[in-house]
Amino acid sequence: MGATEHVVVEGESEEEEGEGEERRGEKKEEKEDGKGGVDLEKGQVGAFVEDRSLERNEDQRDHFHVSMLQTLNPTNPLRIVINGGTRVATPPPSQSSRFQPPPPPRSQPRSTPTPQQSVTTLNSRRFTNKISLLLFLVHKVAAIALVGFLIFKGIQGLIDASNPAKRKEERVLRYFLPQVEVASLLSITLAFAWQKALREWPRVMVYFIIWCTFFMSLSAGILLICFQKPTTDGVGVCFIAFAIGNGLYACWVSQRVGFCFKVLLKALEPVDKFPDLNQPAYWMLGSGFLWMSLWILAVVGALNFYYPPLVIIALVLSLCWTTEVMRNVVNLTVSRVIALYYLRGMQSNTQFCFQRALTKNLGSACLGSLFVPAIEALRIVARGLNLLEGEDEFMFSCAHCCLNVMQSIFRYGNGWAYVQIAAYGKGFVKASQDTWALFERDDMVPIVDSDMTSAICFLTGVCSGSICVIVVAAWTATVHEPFTATISLLAFFIGYLMTRIAMALPHACVSCYYVCYAENPENRLFDKTIKERQELIKTGRDVVMPTPRVPRRFTR
């Protein structure tokens with residue numbers, strides 16, 4: 001305000017001086033007029049020039065005043081007082097137009113608008129599903145503490161000669177630990193063998209995995225039954241029942257195998273552009289092997305603690321969640337690398353994507369690891385109940401009710417969500433909804449709903465587990481037969497989990513192929529495989545295999 005008042009006072013003094021000059025000029029003009037005016041012929045040119053100079057000085061003062069007023073901010077409430085009157089210092093329109101921002105350009109309609117939000121969200125820095133991340137970290141700290149404590153109890157039991165559990169622990173260490181370690185190493189070897197073979201020969205390996213799983217699970221079941229023990233007989237019957245179901249599934253999906261290996265062949269093409277894409281799987285399998293070794297020592301220590309069965313069940317559940325999170329970390333890493341290649345043509349750094357999956361997207365991996373396996377398993381059960389529809393009205397209503405409920409839940413939690421979690425940093429539920437909405441928009445639900453990739457990856461895990469059962473059961477039966485059933489189940493469990501971690505790479509590639517195609521079907525990186533399949537389904541020349549029904553004549 002002090003600077004403003006100074007300008008006002010200075011303006012007033014200069015205005016008064018200008019009025020005094022004007023009055024003096026008027027008196028001089030009156031004197032000249034009284035003398036009869038200016039006569040150029042009589043040499044009165046100097047008076048005329050003097051008058052002109054006075055007028056120019058007055059014009060300059062007026063221009064200076066106006067220029068000072070023009071430099072003032074139009075929004076400044078400066079008021080200049082002259083002879084009791086007021087006026088607001090506002091610049092003329094010609095000058096004020098210089099200080100006004102130019103009008104915004106008229107928006108022209110674009111033929112192919114590109115949303116800018118997707119570009120910015122590709123590098124989202126927020127953590128997803130923080131509550132799930134916190135729960136997993138708390139669980140992991142508790143699991144590490146429990147494993148450390150149980151290892152200490154196991155060592156204490158081995159040292160203490162008077163401990164009644166000492167002999168049992170020694171037997172477990174001698175006849176239990178070596179088989180588990182061998183099963184872990186064998187499953188890691190089989191995991192990378194399956195992955196490499198599937199990448200090199202997808203056409204052959206789809207058939208081979210389906211039928212090899214059938215024969216291996218059947219062989220494992222027959223071998224366990226041959227030991228003629230109640231425990232091994234029960235486990236063997238489970239393997240044989242699974243083998244029968246696997247054989248029926250192989251016959252049912254025989255018409256879909258051709259489309260499956262076409263998608264696999266196309267989806268695995270970008271893998272060769274990223275030589276280090278398998279490094280996250282190496283790290284996760286190495287970490288899994290170390291944790292598995294400590295875990296089995298904790299199982300030995302649980303024998304020297306209260307309620308050993310409950311403690312071992314808690315350790316098994318913790319191991320399931322941990323290995324599933326490892327698998328989804330690999331899934332998220334590969335999904336981000338491949339999705340950015342499809343969506344933006346970017347050659348992403350695998351190490352950076354791996355760090356992102358271990359930090360910002362780890363919460364979504366933890367949440368998905370809890371619910372996706374359960375949702376998919378219940379969905380399979382609902383489809384199985386749908387087979388019992390027949391003519392029974394009660395079973396008809398129950399089957400459809402269960403199936404509709406699982407279909408609704410599947411929209412809010414599915415395995416396709418990992419692509420958008422990795423690419424855009426969305427939460428698990430939001431990514432599941434958006435991904436399923438893309439499939440519905442592009443009429444891809446029948447195609448992705450009948451996709452065989454997840455089944456192929458599942459069967460490779462079962463096949464590796466069955467091979468581990470055959471090796472470990474035959475070994476254990478010769479050294480300590482009472483442990484045969486327990487070690488067989490544990491070997492199958494380890495073989496399945498380790499193989500699924502390595503098979504996350506082809507699974508993620510296929511998921512990216514479907515989701516990125518649904519987001520931009522006109523991308524030049526995609527061929528006409530999906531489009532041709534959609535046309536065949538619409539025209540009725542290639543029908544997606546529906547869920548088989550029990551013939552009505554057998555339900556009467």
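The values are calculated or read from the model by the stated rules, or taken from the named source; none is laboratory data. Everything numeric here is computed off the predicted structure, so don't read it as measured data. Neighbour counts are summed over all protein chains in view; Cβ atoms, including those assigned to glycine, are modelled from backbone coordinates with ideal geometry. The accessibility values were calculated without ligands, DNA or RNA, using every heavy atom of the protein model including side chains. Shrake-Rupley method; radii C 1.70, N 1.55, O 1.52, S 1.80 Å.
Observations, loosely collected:
Here is a yes/no grid of residues against (1) open to solvent by 40 Å² or more (accessible area, probe 1.4 Å); (2) touching a residue at least 12 places away in the same chain (Cβ under 8 Å):
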| site | (1), (2) |
| --- | --- |
| Phe152 | yes, yes |
| Phe176 | no, yes |
| Pro202 | no, yes |
| Gly221 | no, yes |
| Ile225 | yes, yes |
| Lys229 | yes, yes |
| Gly234 | no, yes |
| Phe242 | yes, yes |
| Ser254 | yes, no |
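- So Ile487, is it modelled with pLDDT of 85 or more, farther than 23 Å from Gly415 by Cα and open to solvent by less than 50 Å² (accessible area, probe 1.4 Å): yes
- Here Leu403 does not fit the description of being open to solvent by less than 50 Å² (accessible area, probe 1.4 Å) and modelled with pLDDT of 90 or more.
- Thr213 over 38 Å from the mean Cα position of the chain (by Cα), part of a helix (DSSP H, G or I) and among the β-branched types (Val, Ile, Thr): no
- Which listed residue is open to solvent by less than 10 Å² (accessible area, probe 1.4 Å), over 20 Å from the mean Cα position of the chain (by Cα) and closer than 30 Å to Gln420 by Cα, from Leu332, Leu277, Leu319, Leu340: Leu319
- Members of the range 463-480 that are assigned to a helix (DSSP H, G or I), in contact (Cβ under 8 Å) with a residue 24 or more places away in the chain and open to solvent by 10 Å² or more (accessible area, probe 1.4 Å): Ile467, Ile470, Val471, Ala474, Trp475, Ala477, Val479
- Residues satisfying the stated conditions in the range 224-236, i.e. assigned to a helix (DSSP H, G or I) and under 12 Å from Ala485 (Cβ atoms): Leu224, Ile225, Pro230, Thr231, Thr232, Asp233, Gly234, Val235, Gly236
- Residue pairs whose Cβ atoms lie under 8 Å apart, sitting 6 or more positions apart in sequence or on different chains, and linking a residue in the range 309-321 that is over 13 Å from Ala142 (Cα atoms) to a partner that is assigned to a helix (DSSP H, G or I) and polar (S, T, N, Q), are Trp321/Ser369.
- Qualifying positions in the range 343-372 - open to solvent by 50 Å² or more (accessible area, probe 1.4 Å) and either within 30 Å of Cys398 (Cα to Cα) or in a helix (DSSP H, G or I) (or both): Arg344, Gln351, Phe352, Gln355, Leu358, Thr359, Leu370, Phe371
- The range 256-274, residues that are open to solvent by 20 Å² or more (accessible area, probe 1.4 Å), out of contact with any Pro (no Cβ under 7 Å at 6 or more places or on another chain) and aromatic (Phe, Trp, Tyr): Phe259
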